[in-house]
């Protein structure tokens, strides 16, 4: 049996998921990457918890709920595609987001709440992104110039209004299940 993992993330609104999928479709048509993330699984990870007992998860949820009480939602827009991994054979294709103080504040609050609940979290600098594909799949080496041909100038702004604790199901598609949702206050 596969281990179940949990993570807090920004849930992306449906219109943002659709826009990302439409931007990704031309890359799919070229066969650039081997695996594609289901649009329902698009998210921005705030804190990866790993496998955890229910009591620890409840503590993290309670602390995150308390920390985000009265926190407002915020606008967010996509920026450019990028990759992680080897320069010529990347393992991850991602969509970046434009700088957002709202995103960084919520990430700090959720991250701090999880640490306060006793979780040992990744200490690498926060690099907000939405994973859209995995494993370079063309015989030619990957090049940033190739990828730049798929970037758009304007992607539009979307309203972020939920932080979600997700549970991973590696044997399903989509593979992320919302376990708990924290609603952010409406901007209006």
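Observations
- Some residue of segment 139-159 being assigned to a loop (DSSP other than H, G, I, E, B), under 14 Å from residue 44 (Cβ atoms) and either in contact (Cβ under 8 Å) with a residue 12 or more places away in the chain or under 14 Å from the mean Cα position of the chain (by Cα) (or both): no
- Counting the residues of segment 61-79 that are outside any helix (DSSP H, G or I), surrounded by 14 or more Cβ atoms within 10 Å (Cβ to Cβ) and either without any contact (Cβ under 8 Å) to a residue 60 or more places away in the chain or touching a helix residue (DSSP H, G or I) at 6+ places or on another chain (Cβ under 7 Å) (or both) gives 4.
- Residues satisfying the stated conditions in segment 106-127, i.e. exposed (fewer than 14 other Cβ atoms within 10 Å of the Cβ) and either modelled with pLDDT of 95 or more or under 23 Å from residue 62 (Cβ atoms) (or both): 108, 118, 120, 122
Every residue, every condition in (1) touching a strand residue (DSSP E or B) at 6+ places or on another chain (Cβ under 9 Å); (2) part of a loop (DSSP other than H, G, I, E, B); (3) closer than 15 Å to residue 132 by Cβ, yes or no:
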residue	(1), (2), (3)
15	yes, no, no
25	no, no, yes
28	yes, no, yes
35	yes, no, yes
40	yes, no, yes
44	yes, no, yes
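- Residue list for segment 1-47, restricted to those being in contact (Cβ under 8 Å) with a residue 40 or more places away in the chain and closer than 14 Å to residue 163 by Cβ: 6, 7, 8, 9, 10, 11, 12, 13, 43, 44, 46, 47
- Yes/no for residue 58 being surrounded by 18 or more Cβ atoms within 10 Å (Cβ to Cβ) and not in a strand (DSSP E or B): no
- Criterion (over 25 Å from residue 72 (Cα atoms) and either out of contact with any helix residue (DSSP H, G or I) (no Cβ under 9 Å at 6 or more places or on another chain) or at pLDDT 90 or above (or both)) met by exactly one of 97, 132: 132
- Odd one out for residue 92 among (1) in contact with a strand residue (DSSP E or B) (Cβ under 9 Å, 6 or more places away or on another chain); (2) farther than 30 Å from residue 139 by Cα; (3) modelled with pLDDT of 95 or more; (4) surrounded by fewer than 18 Cβ atoms within 10 Å (Cβ to Cβ): (2)
- Annotation: residue 166 fulfils all but one of (1) within 17 Å of the chain's Cα centre (by Cα); (2) over 25 Å from residue 68 (Cβ atoms); (3) part of a strand (DSSP E or B); the unmet one is (2).
The values are calculated or read from the model by the stated rules, or taken from the named source; none is laboratory data. Values in this document were obtained by computation on a predicted structure and should not be read as measured data. No Cβ is skipped: glycine too gets one built from the backbone with ideal geometry, and neighbour counts run over all protein chains shown.
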